[in-house]
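> For reference, the structure I am asking about is given below.
The values are calculated or read from the model by the stated rules, or taken from the named source; none is laboratory data. Quantities reported herein were computed from a predicted structural model and do not represent experimental measurements. Note: ideal-geometry Cβ built from the backbone for every residue, glycine included; neighbour counts use all protein chains shown.
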Amino acid sequence: MQSSNIGRQAESGERSGQIIVIGGGLAGLTAAASLARRGRGVTLVEQAKHLGGRAATNVKHDVSLNLGAHALYCGGEAFRILNELGVTFRGGFPSQGRGQLVDHGAGHRLPRGVANILASGFFSLRDKWRLTRLLGSLGKLNARSLDCVALQSWIYGHVGDGRVARFLEAMFRLTTYGNRGELESAGAAIDQMRLGFAANVWYLDGGWQTLIEGLRAQAVGQGAEINASSRAVDVAADEAGVEVRLADGTTLHGAAAVLATGPQEALELLGDASPAAWRKQLTELLPVKASCLDMALEKLPDPEARFALGGDEPLYFSVHSAAAKLARDGVAVVHAMKYLGAETASAADEVQIERLVDHLQPGWRDEVIVRRTLPNMTVTHALVTASEGGLAGRPGVAVPGEPRVFLAGDWVGGRGMLADAAVASGEEAADCAAKLPAKVNILDKRVSYA
């Protein structure tokens, strides 16, 4: 995938309308495909050997394993933008079977609607009244009025801290992946839950690598240059354009740069050029983490136990192959995880996850084809917090004081969470960069090599 055009562009010393995208995950590839579609020259550099980042899918023994549990919101920004870019993907709604809420070691039927809530043995009569009343009001809530309210405070204020609260916390963990209710924005979390209720999610055939390959094909097909194993180490900008220095000593010249990286990588690339207050904001972002167990089983010991959430423990279990083509027929591709909170990841997390799997699928260890643990997986680079005012408080696409440098990632912009934020900010960064002049006149600045 390495392109010799990097050398040709660097040696020319010219800044035409070329836009340099740093990062080959969902955000960077969305930016590259969007820019190429607009007719702009694009060079994308990715430090890893393969594209995808956390959206990569590993294939082993003909089993496609995502890096942890992934779900694409059918009503979200990513679904819409990917379709607009011509990316083809297929999938299916989760098939829960006998879905369970596991609380203090006991399995209860996971409520899917008012009728299930009323029939549930998990809730008291008072609980059922509180829960149905609250869920019935969700569609009418002004979520913006709750952006600065902590999710846990909002839940406890409405239903107390008992069983209804544990159920609601499990549902909010499912939709946001967050487990810091004392900090998370209630407004943003409610929006995310409503998004899931309104249109559901898809598990994707072939895994999320299909999105990566689809974006790459769209970008390259319209003239973009994609370069793996190319690590950017420094970005400098002035009124004439940008210079991106690579680890091998090559310097790329362009009209603008899109940094589709994590916040720490963006800070390192820009150095001290950006305002101190902005740098402080980025250093204070709180990543959302999970401990993941990804595996394929020859068969499920209990074919109907395909989905579960933890009530008293922040756990998740889902058989993704029940909805998506991820392996040969009959093989079960399972993702289980613990949503991490303020605690540090530890070996005890895997024990907790396995205990949930034992409860749902006794004898599963005898069926393992592939097994992988990701004990401290970054789900998203920034929890959406009440103290920052919800999504509106996230860093914007524009870098203060750097009119030719833009950001993209799951921590950027005010449109959506998770993959929706990554794809939406990639599109927005491309829109901003595309508005810059297609030709930039500069003094003769030759590239140097280490």
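> Would you pick out the residues in the range 62-81 that are touching a His at 6+ places or on another chain (Cβ under 9 Å) and closer than 16 Å to residue 194 by Cα?
71 - this is the single residue of the range 62-81 that is touching a His at 6+ places or on another chain (Cβ under 9 Å) and closer than 16 Å to residue 194 by Cα.
> Say we look at the range 108-121 and pick out the residues that are surrounded by fewer than 14 Cβ atoms within 10 Å (Cβ to Cβ) and of a type outside the set (A, V, I, L, M, F, W, C); which of these is nearest to residue 337 (Cα to Cα)?
So, considering only residues that are surrounded by fewer than 14 Cβ atoms within 10 Å (Cβ to Cβ) and of a type outside the set (A, V, I, L, M, F, W, C), the one nearest to residue 337 (Cα to Cα) is 112.
> Separate question: Can you name the residue in the range 377-412 that is of a type in the set (A, V, I, L, M) and in a loop (DSSP other than H, G, I, E, B) and, of all such residues, is surrounded by the most Cβ atoms within 10 Å (Cβ to Cβ)?
Restricting to residues being of a type in the set (A, V, I, L, M) and in a loop (DSSP other than H, G, I, E, B), the top hit is 408.
> Being touching a residue at least 24 places away in the same chain (Cβ under 8 Å), assigned to a helix (DSSP H, G or I), under 27 Å from residue 172 (Cα atoms) and charged (D, E, K, R) is the filter here; which residues of the range 343-372 pass it?
The answer is 349, 350, 354.
> Tally time: how many residues in the range 254-293 are over 26 Å from the mean Cα position of the chain (by Cα) and surrounded by 23 or more Cβ atoms within 10 Å (Cβ to Cβ)?
Within the range 254-293, residues that are over 26 Å from the mean Cα position of the chain (by Cα) and surrounded by 23 or more Cβ atoms within 10 Å (Cβ to Cβ) number 2.
> Does residue 332 fit the bill of being within 23 Å of residue 422 (Cα to Cα) and either of a type in the set (A, V, I, L, M, F, W, C) or in the same structural domain as residue 144 (by TED's automatic domain parsing) (or both)?
So residue 332 does not fit the description; no.
> Okay, next question. So for the range 325-342 (the condition being hydroxyl-bearing (Ser, Thr, Tyr) and in a loop (DSSP other than H, G, I, E, B)), does at least one residue qualify?
no
> Tell me, please, whether a residue that is under 20 Å from residue 134 (Cα atoms) and crowded, with 21+ Cβ neighbours inside 10 Å can be found in the range 203-226.
Looking for residues that are under 20 Å from residue 134 (Cα atoms) and crowded, with 21+ Cβ neighbours inside 10 Å, one finds none in the range 203-226, hence no.
> Tell me which residues, restricted to the range 202-223, are under 30 Å from residue 249 (Cβ atoms) and not in a helix (DSSP H, G or I).
222, 223
> Sticking with this structure for a sec: Output the residues belonging to the range 205-224 that are more than 22 Å from residue 73 (Cβ to Cβ) and within 15 Å of the chain's Cα centre (by Cα).
none
> Right, residue 287: out of contact with any His (no Cβ under 7 Å at 6 or more places or on another chain) and more than 17 Å from residue 429 (Cβ to Cβ) or not?
Against the criterion (out of contact with any His (no Cβ under 7 Å at 6 or more places or on another chain) and more than 17 Å from residue 429 (Cβ to Cβ)), residue 287 does not qualify.
> Continuing with this model, one more query. Can you tell me which residues in the range 181-202 are out of contact with any strand residue (DSSP E or B) (no Cβ under 7 Å at 6 or more places or on another chain), crowded, with 21+ Cβ neighbours inside 10 Å and among the charged types (D, E, K, R)?
Hit for the range 181-202 is 191, nothing else.
> Starting from residues that are in a helix (DSSP H, G or I) and of a type in the set (Ser, Thr, Tyr), keep the ones in the range 131-188 and report whichever is nearest to residue 114 (Cα to Cα).
132
> Further, regarding this structure: In the range 313-355, what residues are more than 19 Å from the chain's Cα centre (by Cα), under 15 Å from residue 374 (Cβ atoms) and of a type in the set (Gly, Ala, Ser)?
345, 346, 347
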